[in-house]
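We did not get these values from a lab; they are worked out from the coordinates using the rules stated. Note that this is a predicted model, so its numbers are computed, not measured. FYI the Cβ positions are ideal-geometry reconstructions off the backbone, even for glycines, and counts take in every protein chain you see.
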Amino acid sequence: MPRPVAPAARRSILPGRSPLRRLAGLLPLLLLATHVAPPTEACRIVIRPPHPPHQPPPPRAPALVALQHVDLHEEVDVRDQVAVHTLRATFHNPHPSIVEGTYYLEMDPGAEVSRFTLTVNGKEVAAELLDAVKARTIYQSIVQQMRDPALLEYVGSQLLQAKIFPIPANGNVHVSVQYTQTLECTAGVVRINALDALSRTAEQPIPSVSFKATLESSIPIKSVFSPTHDIDVARTSDMKVQASFEKRNYLPKSWLTLYYSLAPDDVGIHALTGMDDGGRQYVMLTCTPKVAWEEKDRIPKDVVFVLDTSGSMAGDKIRQAQKALAYCVNRLAPDDRFNVIDFSTEARTYSETLVQVSTESRQGALKYLERLEARGGTAIAEALERALGFFAADPARISILVFLTDGLPTIGERDPDLLLRRVKDWNKASARAFVFGVGHDVNTRFLDRLAADHGGARDYVAPQEDIEIKVSAFYDKVNAPILTDVSVNIDGGRLFDVYPRRPPDLFRGSQLVLFGRWEGEGKREVTLTGRVRGERRTHRAVVDFSSPALRHDLVPRLWATRKVASLLEDLRLRGVEQEVVDEVVALAKQYGIVTPYTSYLITEDAPASETPPPPGRPRPIPAPIRDGWRGDREGNELRRAVSETPPSGARAFEAAKAMSRLGGGAAGAPPAASAPSADSTERLALEIARDMGVNESRLRRQIRHVGSKTFYGSGGVWYDSLFKESDAASARTIRFLSPEYAALLQEKPGIAKYLALGEELYVVYQGVLYHVVRE
């Protein structure tokens, strides 16, 4: 993610013949290429002004020449863990000088790479693979010369090096790298890293970036997910899956890490683990069913569709809703039963009982939907009472209520709290409530609680969105339930503080993802238990919770984000409680999670400068934040922000829509094909905060996530979230780029990624507070 140090530090082109004293003052944005390949790789070009033999010298070039990163594309083809990577990148030289460069591609020392080729403008060029010792010398030399620590986090890696000449004046250079790698499989989990490590300090986005992985395996592929990026997953079969990511104007925050798991079982159970600075353990559990299921394993459904046909639904809304429900009716299975209820001033039903799916009943329901008209009031209470009355408790079936409305109750019971209590009484069959709010006039708190209290999910359709697309996409996810009343346990360990609090049912094509705290170690059996046609069914898998290969720095923050979302949901729906406020405050501060509270960590005394710094100068860190670290203010502001969020209207609609996608509440998010990423959770958290009145752009500039740590910018200094001012006097002070600084890197290489933040910072590492100061 962007950092406050001079972005040019990573984007530098080093002229080998220039005096070193000129480097510090001549650093515009100069990174030419960045990329990470499994396990870790990154690339850059270092160039100097050329003087080609037998040609007149070109116009005098500046000592440092900036090249622009035009695009970055990577494809990975994996067959039984043998991966062929193809990386293509384009760089533009905007200067009137021909230049010579050195191309660097960083690789993790553990990478087993073979058969690599590097081409420049279609011609193969010679390349040399440098070991970690030689690579360290190069990195530290660049850091010393440019007085920028940004490269420190890559110390210890191998380096692929190649000379590139010529890079034409005002022209492009196209670089392509292809290599073969054997991927490791640990506890059934395979990892691929891709797309950009070195450009995390980028201030300028890359115009075009894409990634595509084609996975084929002789063992069935189960989970496919990225904890770092929002990826699209398309399953051809149990043996072949494609994952992709595409972005315009992409500003990298980390490399793209892709995990996929292999298991011959009906449901694959896998885990990623993480640990915070206090030694507390966290786990992300994924449970993924196979693609091909026999009909006998599918759970039959009882479905009641409830549609608001009040006057406010007139026009496009009613037509789209009719098409959406027609789609759902046509997708019902032969052993399903269903009914349709429409309501305005009163509730009406297609049938007086649930009807078995048949050609005749389908056609009758479709004709019933076609005749619906929008007029009258909104009798929500009557509609819900009648709908829930159709369900009967049957452990062999699953009851599903699909409820779509665009307004507030105007007839019958209008008090949301009383109505919610009555719905609990009416829902004797424990039907799952899947709720859609259309437009800004809905009572989001009521709909959110309706879904959360009854084991379902909710979503919101904006005025410009198509109801048919939204509802039909949802129905495809819940059309084939394969496990209900789900619970997860770990034998010989303690799993607690789990989110979502109530695991949703498991559907074909979906994935159950749980985040929790964990106490224990070593190999443990994980059990997933639920019901199939009334019978208890258990799926088991052994996970090595101590395996380093299954650890990821993002897991603690992903857990914390889910917990904060759930707590904010409680505050929004059920009122403010001091203990909940205090917990949100503590988690938001530790993990840098964007909430209404987080905005008050940042004072408004000095607006952040939008003017780019001169070449060679670091971009200043905006307004100090330590003045905002006061005990009661944060809680008071959070209580105010939450309590002032209205239950309806545009602001409430946007906050509720974002919260539903983030996975807050008891029921969690709707079933998904892949696990949530840090990219999606951060974006949605920002949406929630923005809709509660938070200054989003200021937060982006003043919070940095590095591994599992969070840092806050204050007056040109970065502070570890664990920093306490009372400990400042006892901190171990080290001068930037001093011999002691170099010795610390040698002794504790793990601290390098934190020191890469800047020239002055406080960081707690292995129980010691370090204070790095400028020379």
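Ranking Thr349, Pro300, Ala381 by how far each Cα lies toward the positive end of the dipole of the range 299-479 (charges on Cβ) leaves Pro300 at the top.
For the range 707-773, the share of DSSP beta bridges that are antiparallel, to the nearest 5, is 60%. The label point for Asn489 and the one for Arg362, both projected 7 Å from the Cα toward the Cβ, are 4.2 nm apart. At the listed q of 0.21 Å⁻¹, the Debye profile of the range 248-288, built from one uniform point per Cα, gives log10 I(q)/I(0) equal to -0.84.
In a DSSP loop and with at most 15 other Cβ atoms within 10 Å, there are no chymotrypsin sites (Phe, Trp or Tyr not before Pro) in the range 734-775.
Gain in length, Glu760 to Leu354, computed as 0.36 nm per residue apart minus the alpha-carbon separation, to one decimal in nm?
139.3 nm
By the beta-carbon count within 10 Å of each Cβ, the least crowded to most crowded order of Cys287, Cys328, Cys185, fewest first, is Cys185, Cys328, Cys287. Each residue, Ser244 and Glu519, gets one label point 7 Å from its Cα in the Cβ direction; the gap between the two is 4.7 nm. For the range 289-303, the Karplus equation 6.51 cos²θ - 1.76 cosθ + 1.60, evaluated at θ = phi - 60°, returns couplings of x, 5, 7, 8, 10, 6, 4, 5, 8, 7, 8, x, 10, 10, 10 Hz by residue, with Gly and Pro reported as x. If R0 equals 30 Å, the separation of the Cβ atoms of Asp335 and Ala314 corresponds to a calculated FRET efficiency of about 0.25.
Rounded to the nearest 20 debye, the dipole magnitude of the range 248-337 is 480 debye, with +1 charges on Lys and Arg beta carbons, -1 on Asp and Glu beta carbons, and the Cα centre as origin. Among Lys428, Lys123, the order by Cβ neighbours within 10 angstrom, fewest to most, reads Lys123, Lys428.
For a 22 Å ceiling on Cα separation, which of these pairs sit above it: Lys428/Lys470; Lys247/Lys589; Lys367/Lys477; Lys317/Lys470; Lys212/Lys240; Lys240/Lys301? Those over the limit are Lys428/Lys470; Lys247/Lys589; Lys367/Lys477; Lys240/Lys301. Net charge of the neighbourhood of Lys709, taken over other residues with C-beta under 10 Å away and scored Lys/Arg +1, Asp/Glu -1, is -1.
Mean sequence separation of contacting Cα pairs (under 8 Å, at least six apart), scaled by the length of the range 184-333, corresponds to a relative contact order of 24 percent. Between Arg421 and Glu370, the FRET efficiency from the beta-carbon distance, with R0 = 41 Å, is close to 0.70. With a Förster radius of 25 Å applied to the beta-carbon distance between Arg280 and Ala396, the computed FRET efficiency rounds to 0.05. The slack in the chain from Glu216 to Val768, taken as 0.36 nm per residue of separation less the alpha-carbon distance, amounts to 194.1 nm. Ordered by the count of other Cβ atoms within 10 Å of each Cβ, fewest first, Glu385, Glu184 give Glu184, Glu385. You can think of it this way: the chain between Ala127 and Glu295 has 54.9 nm of extra reach, that is 0.36 nm per residue less the Cα-Cα gap. Both numbers refer to the Cα atoms of the range 707-773; Rg and Dmax are 11.0, 29 Å.
Put simply, the Cα atoms of the range 475-567 extend 37, 29, 22 Å along their principal axes, the longest span coming first.
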